[in-house]
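The values are calculated or read from the model by the stated rules, or taken from the named source; none is laboratory data. If you're wondering where the values come from, they're calculated on a predicted model, not measured in any experiment. Please note: Cβ atoms are built from the backbone with ideal geometry, for glycine as well, and neighbour counts cover all protein chains shown. The area values use the complete protein model at the heavy-atom level, side chains included, leaving out ligands, DNA and RNA. Shrake-Rupley method; radii C 1.70, N 1.55, O 1.52, S 1.80 Å.
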Amino acid sequence: MSTLIIGGGLAGLAAALDLAARGVSVTLIERKQYPFHRVCGEYISNEVLPYLERLGAGPAVLQPARISRLLVSSPAGRVVQAPLDLGGFGISRYQLDYHLYQLALARGVRVETGATVTEVTFDGRANAHCITLADGRQLTARVVLGAYGKRANLDRQFHRPFFQQRSPYLAVKYHLRYDFPRDLIALHNFADGYAGLSAIEDGKYCFCYLTTRRNLRQQGTIPALEERVLARNPFLAKVLGEAEFLYPQPEVINEISFAPKAPIEDHVLMCGDAAGLITPLCGNGMAMALHGAALAAGHIAAFLAGKVDRPALESRYQHAWRRQFGPRLQVGRAVQRLFGRPFLSEIAIGGLRYWPAAVRLLMKGTHGQPF
């Protein structure tokens, strides 16, 4: 085969659709069975709409929520509001990923679900990769795209530095019904974390928060954490007290690392969260995954067409990825340090209330232009 993609999230599925449209033979490996939930804020900047339309995967058929305003609150309930210049839309990963998966199947992408890649090695003499699956099968591919998310056992194989260090962060996600403006995305700070609330399809909302293992360990359980820590923010107290939670147990992920990552590992191109993770406070991870897919597909297609050799493929992709996303990640890390800590959050939001242009500058620094 010419290209194998590890991971069937937004980056992997969009890259598969893009490459298939260019006539490339693509196999995608996803360890879960569609459809399924992912821990995600489920807000996407409108910067991705032209690309999704070019892929024939526009989200309008899913009836997403249209979002045009931002509200940020401090732990004590102080508020700053701003319009979203580009705006965005809210759609669950359950629906969006399944939509892209169905399109990929219809367009000839070979998708293997319930399969796990355990090892990827590069054969320099053959100028190709050997991929080993958990069931013992071995596949070969001229190009491998790693789009397997925030953290996987393959990161250990590649000796990625972030994998050797424990991350303090975990994330929790619910879907709920709540009386809340559907054009507004809200980010609410609390001690050692922050929560996002925004509309998705079918009159529902995504409620997702990031905090630390220490915070959870001190409180003992997620319900206790929400009651004793999150609910100190009056906005979050209202959500937790009034919303109808639509599944009994939340989706939870641990070991979320915002440390820098390399976009190339042992000749494997990395994409989406596997290449670099922006802080959720910036609300742009889904758009970055799709934009990264566009970058990867273009460079891979040029290599497979014989327009560039492998060293040029890797150097050009790495340069393009860092130029496009490096500044966003740096701004994201700086913003992360301002929020989630009560004292700094109060100062930051107190200042931003009187400096609205700064809010727009921060958003501009973490978002791109339509592509």
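Considering every residue within the stretch 77-92, establish whether at least one is under 30 Å from Ala134 (Cα atoms) and not acidic (Asp, Glu).
To start, the set of residues in the stretch 77-92 that are under 30 Å from Ala134 (Cα atoms) comprises 92.
Add one more test, that the residue is not acidic (Asp, Glu), and what stays is 92.
Looking for residues that are under 30 Å from Ala134 (Cα atoms) and not acidic (Asp, Glu), one finds at least one in the stretch 77-92, hence yes.
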From the list Leu154, Leu145, exactly one residue is closer than 20 Å to Lys32 by Cβ, in contact with a helix residue (DSSP H, G or I) (Cβ under 7 Å, 6 or more places away or on another chain) and modelled with pLDDT of 95 or more. Which is it? Leu145
Any pair with Cβ under 6 angstrom, 6 or more apart, that starts in the stretch 22-43 at a residue that is in contact (Cβ under 8 Å) with a residue 12 or more places away in the chain and ends at one that is of a type in the set (Phe, Trp, Tyr) and open to solvent by 10 Å² or more (accessible area, probe 1.4 Å): Tyr34/Tyr98; Tyr34/Tyr101; Pro35/Tyr94; Pro35/Tyr98; His37/Tyr94
Would you point out which residue out of Tyr34, Tyr51 is surrounded by fewer than 22 Cβ atoms within 10 Å (Cβ to Cβ), touching a helix residue (DSSP H, G or I) at 6+ places or on another chain (Cβ under 6 Å) and part of a loop (DSSP other than H, G, I, E, B)? Tyr34
When you check Leu13 against the structure, is it open to solvent by less than 10 Å² (accessible area, probe 1.4 Å), farther than 24 Å from Thr121 by Cα and either among the polar types (S, T, N, Q) or at pLDDT 95 or above (or both), yes or no? no
Asn215: passes all of (1) open to solvent by less than 20 Å² (accessible area, probe 1.4 Å); (2) farther than 18 Å from Glu346 by Cα; (3) in contact with a Lys or Arg (Cβ under 8 Å, 6 or more places away or on another chain); (4) not acidic (Asp, Glu) but (3)
Of all residues in the stretch 259-285, which are assigned to a helix (DSSP H, G or I) and at pLDDT below 95? Pro280, Leu281, Cys282, Gly285
Would you mind finding the one in Arg310, Arg328, Arg337 that is modelled with pLDDT under 95, open to solvent by less than 20 Å² (accessible area, probe 1.4 Å) and over 19 Å from Pro161 (Cβ atoms)? Arg328
